[in-house]
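The values are calculated or read from the model by the stated rules, or taken from the named source; none is laboratory data. These numbers were taken from a predicted model, which means no experiment stands behind them. All Cβ positions, glycine included, derive from the backbone under ideal geometry; neighbour counts span all protein chains shown.
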Amino acid sequence: MAAAVKVNTPPGRTWKRLKILVLGCGSIGGRHARNAKSLGVADLVLVDPDLDRAARLAAELGTDLVYADYREAARKNPDLDAALICTPSSMHVKPAIFFARRRVSLFIEKPLSDGLAGVATLKRLRDENSLAVMMGHSFLFEEGFVKLGKLLEKKVVGDVHFAAYLQGQYLPDWHPEEDYRAEYAARGDLGGGALLTLASHSFYIIERMLGPVAAVRGAFVGRLGDLEVDVDDSAFMLLETEDGIPVQTMNNFITKVHQHRLIIEGTRGAIEQDFANKRITITLKGRRPRVISARADNNARFKREMRHFLEVLDGGRMRDGFHLEDGIRFLRIAKRARRIGGAGGDPA
């Protein structure tokens, strides 16, 4: 995979001249805004239909540019350099097109959307206006996955035979102080569900570690629990990479004990990245297992992600895996998985 071009300008020296709009001031939008501020971005425009929420974040970050509507914010701030789209998934593409028409570069949280409507228009506008459009998925910057990628490059387990990606967490535990049924992950109208919300994480990690996904060979997408939601709480897929590596994925909202593991079996043994417990275990034939710590501050991956976006805005090259095309490709994979339902195969 190609690496980003190194930007030699000291952080903050040029970034402080940037004017960045944050659309959606909830958990992830607030995190991105704080990280952008800590990296030197001085001019932040905050937009959220909940003005009180936006105002609280504004007071913390020292800005008075607060709006309830992104169109009004754009009219009053015509000098925007970029917009961070941190709304629920079904609300990504419309504002992204709005900003792209105004030649504003974009950072869009994963998944790109809950469907393919409008993405061709967004892609055309990006190309016509020579914009940076980066997909956000912070796990590609997470310490353990970065270490795992380097170990796989060294072929510590030999050539890869197959892999399994297992991710599950009980949805009511995500934000225990709130009613989980009102959260976007639990609502179909907002683009929630295990397939879009969780499987998008595993998709990007699989492609980074094992290469592009070429086909969906089997799938189950549906409800197995009793969460009283109108979205799929479980998504299972059998994928195949371009190199012919089969990958089994499981993503769900109903696992009571959080798990997040990527297990890769090779010709010399197996390697497992356990995100929940922050460790990598290498088990080679005839040897004792070797455990490598992958502990890191949780915000570190998000800060590295924001740093990379700022580097791109400053003239650096975007890394593979973060392009708009990657977001579109996942939506096509998700569409095939949903259509298959539980049997058969469908080339991607």
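Quick notes on this structure:
- Asn298 being surrounded by fewer than 21 Cβ atoms within 10 Å (Cβ to Cβ), within 23 Å of Met135 (Cβ to Cβ) and without any contact (Cβ under 8 Å) to a residue 24 or more places away in the chain: yes
- Residue ranges of helices (runs of 4 or more DSSP H) in region 23-78 with at least 3 members in contact with a helix residue (DSSP H, G or I) (Cβ under 7 Å, 6 or more places away or on another chain) and surrounded by 20 or more Cβ atoms within 10 Å (Cβ to Cβ): 27-38
- Tally of residues being over 12 Å from Ile206 (Cβ atoms) and touching a His at 6+ places or on another chain (Cβ under 8 Å) across region 139-165: 1
- Hey, Leu310 assigned to a helix (DSSP H, G or I), closer than 22 Å to Ala82 by Cα and among the aliphatic types (A, V, I, L, M) or not: yes
- Residues of region 234-262 that are surrounded by 19 or more Cβ atoms within 10 Å (Cβ to Cβ) and within 18 Å of the chain's Cα centre (by Cα): Ala235, Thr249, Met250, Asn251, Asn252, Phe253, His260, Leu262.
- Boolean, Glu207 is surrounded by fewer than 18 Cβ atoms within 10 Å (Cβ to Cβ) and either out of contact with any strand residue (DSSP E or B) (no Cβ under 9 Å at 6 or more places or on another chain) or over 30 Å from Pro176 (Cβ atoms) (or both): no
- Flag if Thr281 is part of a loop (DSSP other than H, G, I, E, B) and either farther than 28 Å from Ser130 by Cβ or free of Cβ contacts under 8 Å to residues at least 24 places away in the same chain (or both): no
- Check on Ile271, surrounded by 15 or more Cβ atoms within 10 Å (Cβ to Cβ), out of contact with any Gly (no Cβ under 9 Å at 6 or more places or on another chain) and part of a strand (DSSP E or B): yes
- Matching entry among Gly144, Gly136, Gly149, Gly158 (being within 25 Å of Arg31 (Cβ to Cβ), touching a residue at least 60 places away in the same chain (Cβ under 8 Å) and surrounded by fewer than 19 Cβ atoms within 10 Å (Cβ to Cβ)): Gly149
- Filtered residue count, region 284-295, keeping only those that are under 20 Å from Ser202 (Cα atoms) and either free of Cβ contacts under 8 Å to residues at least 24 places away in the same chain or surrounded by fewer than 18 Cβ atoms within 10 Å (Cβ to Cβ) (or both): 1
Listed here are the residues, each with its yes/no results for (1) at pLDDT 95 or above; (2) not acidic (Asp, Glu).
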| position | (1), (2) |
| --- | --- |
| Lys154 | yes, yes |
| Gly158 | yes, yes |
| Leu190 | no, yes |
| Glu228 | no, no |
| Met237 | yes, yes |
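- Taking residues in region 210-239 that are assigned by TED's automatic domain parsing to the domain that holds Gln259, and partners anywhere that are part of a loop (DSSP other than H, G, I, E, B) and of a type in the set (Phe, Trp, Tyr), the pairs with Cβ atoms closer than 8 Å and at least 6 places apart or on different chains are Gly225/Phe253; Leu227/Phe253; Val229/Phe253; Asp233/Phe253; Ser234/Phe253.
- Residue count for region 91-133 under the criterion of being buried (at least 19 other Cβ atoms within 10 Å of the Cβ), of a type in the set (Gly, Ala, Ser) and within 19 Å of Phe203 (Cα to Cα): the result is 1.
- Between Gly225, Gly188, the distinction of being farther than 26 Å from Ile85 by Cα, surrounded by fewer than 17 Cβ atoms within 10 Å (Cβ to Cβ) and over 16 Å from the mean Cα position of the chain (by Cα) belongs to Gly225 only.
- Test for Gly168: is it within 18 Å of the chain's Cα centre (by Cα), surrounded by 15 or more Cβ atoms within 10 Å (Cβ to Cβ) and assigned by TED's automatic domain parsing to the domain that holds Ile282: yes
- Subset of region 222-268 [within 30 Å of Lys285 (Cβ to Cβ), of a type in the set (Ser, Thr, Tyr) and assigned to a loop (DSSP other than H, G, I, E, B)]: Thr267
- Count of residues meeting criterion [surrounded by 15 or more Cβ atoms within 10 Å (Cβ to Cβ) and among the acidic types (Asp, Glu)] in region 79-90: 1
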